[in-house]
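Here is the structure we will look at, set down as structure tokens.
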Amino acid sequence: MLTLVYNEGGALGTNFGSSVYYLVSSLLVLGFVLYYLYLNRHNRMIAWPLAFISGGALGNILDRIRLDRVIDFLDVDFFDVDILGLHLERWWTFNIADAAITCAIIVLVGSLLFSPKAPKSPPTAEQP
């Protein structure tokens with residue numbers, strides 16, 4: 001469903017402070033992600049997900065600057081969740097930027113956990 005929701009807090013309905021808190025923290029995280037993206041710009045399995053995270057964060061930051069809140073509109077009714085005392089009958093409303101960030105994090109974690117590592121070469125003994 002398409003449902004208009006103005007999210008003044010953070011992800012998953014959190015509300016740890018004002019909109020300015022979320023704007024400043026988003027800008028700081030975006031700076032870190034862009035720096036890490038620059039360092040890993042030649043590794044596609046890291047660079048592409050970081051680029052999607054940056055784009056999603058930038059989209060939410062622009063909403064927060066323009067409107068002092070983020071517009072969420074995708075309302076998907078998935079299965080109910082009942083894990084460790086958390087009972088969730090309705091999933092949170094989100095936007096395309098949130099979906100890009102979530103999918104990119106899943107790809108990034110998967111590539112970091114399951115990508116083949118280069119074998120370490122044993123140290124060589126110096127000969128006199």
Item checked: Near pairs, Cβ below 8 angstrom, 6+ apart or cross-chain, from the stretch 36-54 (at negative phi) to any residue that is exposed (fewer than 12 other Cβ atoms within 10 Å of the Cβ) -> 45/115; 46/112
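Residues are listed down the side, and each one gets a yes or a no for (1) among the aliphatic types (A, V, I, L, M); (2) without any contact (Cβ under 8 Å) to a residue 40 or more places away in the chain; (3) surrounded by fewer than 12 Cβ atoms within 10 Å (Cβ to Cβ):
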{"position": "25", "(1), (2), (3)": "no, yes, no"}
{"position": "29", "(1), (2), (3)": "yes, yes, no"}
{"position": "67", "(1), (2), (3)": "yes, no, no"}
{"position": "75", "(1), (2), (3)": "no, no, no"}
{"position": "94", "(1), (2), (3)": "no, yes, no"}
{"position": "106", "(1), (2), (3)": "yes, yes, yes"}
{"position": "109", "(1), (2), (3)": "yes, yes, yes"}
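Read-outs throughout are calculated quantities, based only on the coordinates presented, and are distinct from any laboratory measurement. Quantities reported herein were computed from a predicted structural model and do not represent experimental measurements. Cβ: placed from backbone, ideal geometry, glycine included. Neighbour counts: every protein chain shown.
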